[in-house]
1. With respect to B:Glu351, determine if the residue is of a type outside the set (Phe, Trp, Tyr) and surrounded by 15 or more Cβ atoms within 10 Å (Cβ to Cβ).
2. In the range B:12-92, which strands (runs of 3 or more DSSP E) lie fully inside it and hold 2 or more residues that are of a type outside the set (D, E, K, R), within 30 Å of B:Ser315 (Cα to Cα) and at pLDDT 75 or above?
3. For the structure I just gave you, tell me whether B:Tyr165 is over 15 Å from B:Arg257 (Cα atoms), among the hydroxyl-bearing types (Ser, Thr, Tyr) and touching a Ser or Thr at 6+ places or on another chain (Cβ under 7 Å).
4. Check off (1) closer than 21 Å to A:Tyr351 by Cα; (2) touching a Pro at 6+ places or on another chain (Cβ under 7 Å) for A:Phe505 and give me the number that stays unchecked.
5. Just checking: which of the strands (runs of 3 or more DSSP E) contained wholly in the range A:301-402 hold 2 or more residues that are in the same structural domain as A:Arg821 (by TED's automatic domain parsing) and among the hydroxyl-bearing types (Ser, Thr, Tyr)?
6. Scan the range A:739-775 for residues that are of a type in the set (S, T, N, Q), modelled with pLDDT of 90 or more and under 25 Å from A:Tyr720 (Cβ atoms) and report the count.
7. Considering only the range A:634-652, I want to know if a residue exists there that is within 14 Å of another protein chain (Cβ to nearest Cβ), out of contact with any Gly (no Cβ under 7 Å at 6 or more places or on another chain) and touching a residue at least 12 places away in the same chain (Cβ under 8 Å).
8. Return the total of residues in the range A:625-647 being modelled with pLDDT of 90 or more and outside any strand (DSSP E or B).
Amino acid sequence: MKKEHLLLLLIMLISLWKVRAQNNQNINIQFENTPLKEAVLQLEEASSFSFYFDEDWLKGYFVSKAFENESITVVLDGIFENTNINYLVRDEKIILVNNSYIYTNLPENFFNGAAEKKTYKQENIAPIFQEEYTSQTTIQHRKLVTIGKQLPNSANRTYVLSGTFTNSSTGEPLQNLSISTVDRSKYAVTDSNGYFSLRLPYGLNKLETNLLGFEKIRQDVIMYGDGEIKLRLRENTESLEEVVVKSKKDVNVRDAVVGVTSINIESVKTIPLVLGERDLLKVATTMPGIKTAGEGSSGFNVRGGRADQNLILLDDAVLYNPSHFLGFFSAVNPFTTGSMQVYKASIPAEYGGRLSSVFDIETKSGSMEKFKGEGSVGPITANLAIEAPIVKEKASVIAGFRATYSDWILRSLDEEQLKNSEASFYDGIVKYKHNIDNNNTLESTVYFSKDRFSITSDSIFDYQNRLISFKYGHAFNEKNRAEVLFASSQYKYGINYEARANKDFDFGYELNEYQAKFNFNYKFSKQHKFTYGLSSKLYAIDPGNISPIGANSDVTEKSINREKGLESAVYFSDMFEVNDKLLIDIGLRYSFYASLGAATQNVYAEGVPKSENSIIEVKNYDNNEFIKTYGGPEYRISARYLLGNNFSVKGGFNTTIQYLHLLSTNTTMSPTDIWKLSDLNVEPQRASQYSLGFFKNLPDQSIELSVEGYYKKMKDILDYKVGAQLILNETLETELLQGQGKAYGVEFLLKKNEGRFNGYLGYSYSRSFVKLDSQLLQERVNYGNFFPANYDKPHDFTVVANYKLTKRFSFSGNFTYQTGRPITYPVGRFYFAGEEQVLYSDRNQYRIPDYFRLDLGVNIEGNHKRNKLAHSFINISVYNVLGRNNPYSVFFVNEAGQIQAYKTSIFSVPVPTITYNFKF
Amino acid sequence: MKSKIVGLLIVLSALLLQLGCTEPFEIESQGYESILVVESTITNEMKRQIVKLSRTSPLESNSILFEDNADVNVVTNNGGFFHFSQDFETGLYISDRPFRAQPNVLYRLEISTNDGSLYRSSNVEMLPVVPIGELFADRVIENSENKDGVEVLVNTEDPLGNAKYFRYEFEETYKVVVPHPSPYSVEITDYVPFPESYTVVLTPRTPEEVCYTTEYSTGIIQTSTTTLNQNKVFRYPIKYISKKDPKFRERYSILVRQYVQSVEAFTFNKILKDLGDSESLLSQGQPGYPVGNITSNLNADEKVIGFFEVSSVSSRRIFFNYEDFGFTKPPYFQECEVYTLDYRKNNDPNEREVLRTSILYYGYQVISGSSNGIYKIVEPECSVCTYFSSNVKPDFWED
């Protein structure tokens, strides 16, 4: 009773036998995680029917369901839900078919065209638990659906299909899912409620969906009128084995946003690891346009911007230090992270306050269905994340905790020097989500991270981030939606120096930020979608206080006055669909900043270098008095024009203003850096960027191609005088220089998202320059000409590739090549004031050697036995396989009149790691 | 298996700790730039003023490259013209006639090098004279820096508030009294190598017992007045002398010269000073090219290091010694062991040979001799002060 019956099936269709359903026979049957084939056979046993099918169709499906006194059709509907199986009941026979819908009679309008079609609402509930790691065909074909009633003299040529998509396992709405006609001429994207609406022509439309990490479906729809459809999608677990660092397919071509990088956590799983840590932010740096100064530096340089110009948001709260242990690990737990969007050019109008980019990291919502967990054990850290429903289908919580056990290891070492060292960190995150009803949602996240380490035996250094965010979403109606957000962030660090001498001290720095934001969405019309809102942030910074430790300490207590600032903005943007081809996103943000008292501010004489000696007046301000205000419009304009179904051109113009600056005497970002607010003497930084990109998809090969170019100008970016003393400096502004910056570049990206061999290849040619010019020779660098910024690395080439050998084994590799970053190099010696001095080249005239690195990894999946407690995989990685000694910094010290050069390198040998991951 | 994993973990963690591994390396010259270095401070003292010209040398080289055969002049806005000629002994350029800087006059240094390049400084005016205030020595103890001794400190005040930047140079002069003065000069005659024999001829002389050494400061010592309302240099440390410093053993004098600087000169010097001091492991300060006030006439972008300064100078001298601070007498500059050698012992030990080589090749001085062939000898540094110092008593010296 197998394949031979397929022929029969065809005959049945042709001869249009009339069906008399056998509904009189009631069935009692129960399945508990039963393979579908088994279930069918049991059903055959329990009833009088014979089944005809190809057993290949039933593979990989399981049924957990009980039926009591139900008709055969109810039972069949039940067990084949969520599958592609359709059935036909004919006398004592039940014929199963895959994918196709069997018409038991001609459409009623086949002959007379006047009959009614019933509105079909497909509503799949998911009782079938499909085995997690089975390979599914990539595209699932669904049953034909007809929408609306066919009216005899319908005048409309098009109808609106609206509906929602939800995750079949958690019931959560699927956002950013794209649904389009197969020819991509009609297109929609779901909103945060999984809702979409799409205007389709009368008659048969072939639709397909696309959302990263979820199955793709092909859905044929016959449009007879306006109607609604509800669809549930299964998570496409196959993507676990793929590198899918990608913009959502087609979104890259279709969106108006230019210069956006989207990274899905799934993609990070198979990229070779450093010391066992899966790192979302590290992966981001493999994408064109996002760079770091070197391994172990915590800042990012996005499109030629300084490291302080990135707004890193974790569930809408600002994460000031996104790294652990001086940048070797990222502070974001990979298991709880859902996705990350990096806006490099078109920054949505709702975000502001940083010049170069927004890293929008979103934590996953916990499963509303069942308790789940994920964990890993690596050489340095252990990580565990759990998801638990609180109120079934309504509320859930996800929590992740990660910690090092390196301290324990250090103590067990024989090496004396290492025994007294300390290096540890941990971070934890909890996110609660509550779908109160269809129109109200509540989300809240609490995050904390802490680092503690000692560089020298008598000092202990620690820093911590603390974030709290609270978001309430409300839908007034189909067209209007609102979000209220409250968030607060804290970043602080301390240095504890105890050498049992008179210099012992305790130093502390603390930054607090409080934000309130109201965001509204209004679908004005099909053509215009408005986003508008206002936000306000209060900053309070305690830039440093030092206190003596112990009675013998000669250190005098000192504390720098608190800085306060209020940064507010109103914004409005319109997503304007001019026609099918042209989409414009016009955004305007007006930001306003006030530096607040209580404070004292120095006024400096013009025409002489700012110093303590050129102060001509000291002004005092009362609490909350405006010291100085800055502000201005920020334009966020981008447009897309379709040049074909899979080809588009996009352009953008963006301006940004930044009122908070990171001060660092180092060429790279370090945790002791100081965030400083704009005030009487420190102007805000401003930037404008023009960008243009071409985006092309080759859907048949699952290949995405893009070329983007940009030109960016920056004003009042901060730099420092040589030897600037930033910590505990009451006249900090005297050490600062503000200059111009310019950056330009071209970024190429080729991605292959699917298939056994997948990955991406990125290359960028980009330059970044700084100009520090002044009437005063001493405040001029390199003759007041543009010179390369510290992070100017023109060539940047990355390949990330995965090859899936079998279901259980996959290999991955990662190769990076970058031009060495610029440094100022000694070029000679001379004698002055009776001493030997070093002559340095022009600033950043030379470069450290080029950087390249190859990493390799292999992923071994646990076996695919069904009834295992947990699914597991092991990742073995070797970082820097070639053992290339990539210098991270080079510096020179005048030691007793002699110049000694030092270089610091990180990971100069291959670093092997093995990590065990599990999921339950 | 388990122990293997632990082993692996340890290896990996050790690697982690060596992440920030810093190692010294040999600097390779990346492209040597030969740049003119100018160092000159014209003062308000009537003297032959000095201009130092040199060139940067490659990193590998340790020699000072003097800039020879340049034409060096200082011109003023009121028609003054001072020519400088090179002194071939020191390589310095010295004004042909003595002159002093005048207030309210603009001075400019003009250099024409042998290769035809022309350089000039900006116009520089002398800042008002601020006489050096108090100069004094104070006891200092700082355990953390292993400091126990005396610090020479300066207080200066400009009541008019014009002068804010001060640079200091010092000359320290100290008296040296050798512990073992030798009343004889010694000569060895009638030497027969085998079997070894010779005559020690002792000629009486006035022992070189007392000398005076003068040393000049090196490096940049400068400060600025710190607060808005008080233009004061208060207790600025010029020089630290340990209580065990032999310079301190007899009598010590220090002359501190105070130069009133412009802010530009101060900044230039500060940058030079900071560039040599950058010390950091995981991070790095920003080095760069110190911009002075001398530019090339022909190519505005040509680098020239240096600063032409016109500065008013004032000085003050103080004397002190260890007793003023209740210290015990510091040791002499070196260990002075007196050897007693017997000419008659020519075998095991062969003191005869030791006596001869010590005198002849190491310059040992004879403190006493006797007819029976027993000599007391000591190293020359312990006996003859002119060996490393000068027996000319400076004019300023007050005992």
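1. So B:Glu351 fits the description; yes.
2. Details: elements: B:22-25, B:36-43, B:50-55, B:71-76, B:81-86.
Hits in the range B:12-92: B:36-43, B:50-55, B:71-76, B:81-86.
3. Working: over 15 Å from B:Arg257 (Cα atoms): no; among the hydroxyl-bearing types (Ser, Thr, Tyr): yes; touching a Ser or Thr at 6+ places or on another chain (Cβ under 7 Å): yes.
Considered against the rule, which asks whether it is over 15 Å from B:Arg257 (Cα atoms), among the hydroxyl-bearing types (Ser, Thr, Tyr) and touching a Ser or Thr at 6+ places or on another chain (Cβ under 7 Å), B:Tyr165 comes out as no.
4. (1)
5. Details: elements: A:310-314, A:337-343, A:357-363, A:372-377, A:381-391.
Here the list reads A:337-343, A:357-363.
6. The qualifying residues number 3.
7. No, that holds for no residue.
8. Selection size over the range A:625-647: 1.
The values are calculated or read from the model by the stated rules, or taken from the named source; none is laboratory data. Just so we're clear, the structure is a prediction, and the values are computed from it rather than from any experiment. Positions of Cβ are backbone-derived with ideal geometry, glycine not excepted, and every protein chain shown enters the neighbour counts.
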